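The values are calculated or read from the model by the stated rules, or taken from the named source; none is laboratory data. Quick caveat, the model's predicted, so the values are computed rather than measured. Glycine also receives a Cβ, built like all others from the backbone with ideal geometry; neighbour counts cover every protein chain displayed.
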Amino acid sequence: MKLNLTKPLIFFDLETTGVQVGQDRIIEICLFKVAVSGETTVMTHRVNPGMPIPPQSTEIHGITDEMVKDKPLFKDLAPEIANFIGDADLAGYNSNKFDVPLLVEEFLRVGVNFEIKTRRLIDVQNIFHKMEPRTLKAAYMFYCGKNLDNAHSAEADTRATYEILLAQIERYNGVQYEDKDGNISCPIVNDVRKLQEFSTNHQWADLAGHLGYDKNGREIFNFGKFKGRVVEEVFEIEPVYYEWMMKADFPRSTKKVITDIRLRAKFRKDPTRLF
């Protein structure tokens, strides 16, 4: 089966020092590009994270400090990775919640503004959990009838994720799904836009999920004392909250969003002012 694409789709997976988007670093990345023609190309890199790899992380992926000490830093690989990705859409397993935010964070850290808004994001895990709640290893066996050898190797996991999505499209063609509101549809089709819509659990204003939207489409806080309040209104009545967020340990991508919101509000008040 061939994916129905209008532009390249890249399946990718990261092995990292941990799971904190604002703090942890990439130590291995695999990008599996599927062209519109169906042709595939792979890019895999080990990365020196510039920090120690915690033993508990090594227990999961098997990558040690010794194995990456002579590898390039992400800043040295960033131009090559960004060029390989180009304008492609992105897909992965748990990618919307973890891999995409962390990749964007790494790019921002080295001064590369990696745009996400123009891309379709397909999270194979969300499709799987909605249709057949299990793990990646179980998903591979369930959909593809294969054992996942070398689990937690970025390339093995990435290739498995690609095969799982193909199998999901075939398996659920014409299968009905009922959402929490009782709406029935057949959402799994060979269309990147519709796969993105179904595999996205939440609409966040930032990649890490610290900010959401209210029913009127305004950005709101998803945490803390202002949870549920409109971001722009909070910054108006308590400007120090913006300053606190900018100094605190939030992901750079979140800080970029709140800065855009703040500048937008100031421009609305005075369009002639330069910031």
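A few remarks follow.
- Those residues of region 147-181 which are small (Gly, Ala, Ser) and surrounded by 14 or more Cβ atoms within 10 Å (Cβ to Cβ), in sequence order: Ala151, Ser153, Ala154, Ala156, Ala160, Ala167
- Of residues in region 10-25 being touching a residue at least 60 places away in the same chain (Cβ under 8 Å) and more than 15 Å from Asn94 (Cβ to Cβ), the one surrounded by the fewest Cβ atoms within 10 Å (Cβ to Cβ): Gln23
- Among the residues of region 85-128, those identified as hydrophobic (A, V, I, L, M, F, W, C) and in a loop (DSSP other than H, G, I, E, B) are Ala88, Val110, Val112, Phe114, Ile116.
- From Ser95, Ser57, Ser37, residue being of a type in the set (Gly, Ala, Ser) and surrounded by 22 or more Cβ atoms within 10 Å (Cβ to Cβ): Ser95
- Look at (1) touching a residue at least 12 places away in the same chain (Cβ under 8 Å); (2) out of contact with any His (no Cβ under 7 Å at 6 or more places or on another chain); (3) surrounded by 14 or more Cβ atoms within 10 Å (Cβ to Cβ); (4) not basic (Lys, Arg) and you find that Pro52 fails only one, number (3).
- Restricting attention to region 221-274, the residues that are of a type outside the set (Phe, Trp, Tyr) and touching a Gly at 6+ places or on another chain (Cβ under 7 Å) total 3.
Okay, residues lined up against (1) modelled with pLDDT under 95; (2) under 28 Å from Val110 (Cβ atoms); (3) hydroxyl-bearing (Ser, Thr, Tyr); (4) in the same structural domain as Ala265 (by TED's automatic domain parsing):
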{"position": "Asn216", "(1), (2), (3), (4)": "yes, no, no, yes"}
{"position": "Glu232", "(1), (2), (3), (4)": "no, no, no, yes"}
{"position": "Val240", "(1), (2), (3), (4)": "no, no, no, yes"}
{"position": "Met246", "(1), (2), (3), (4)": "no, yes, no, yes"}
{"position": "Asp249", "(1), (2), (3), (4)": "yes, yes, no, yes"}
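- Meets criteria (outside the structural domain of Arg264 (by TED's automatic domain parsing) and acidic (Asp, Glu)) for Glu178: yes
- Residue check, Tyr162 of a type in the set (Ser, Thr, Tyr) and over 23 Å from Gln203 (Cα atoms): yes
- Those strands (runs of 3 or more DSSP E) of region 2-63 in which 3 or more residues are hydroxyl-bearing (Ser, Thr, Tyr) and assigned by TED's automatic domain parsing to the domain that holds Val189 occupy 40-46.
- Residue list for region 55-70, filter: in contact (Cβ under 8 Å) with a residue 40 or more places away in the chain and out of contact with any Ser or Thr (no Cβ under 6 Å at 6 or more places or on another chain): Ile60, His61, Gly62, Ile63, Val68
- Selected residue (only one of Val234, Val230, Val189 is aliphatic (A, V, I, L, M), under 23 Å from the mean Cα position of the chain (by Cα) and surrounded by 14 or more Cβ atoms within 10 Å (Cβ to Cβ)): Val189
- Selection count where residues are under 15 Å from Leu5 (Cα atoms) and charged (D, E, K, R), scope region 28-42: 2
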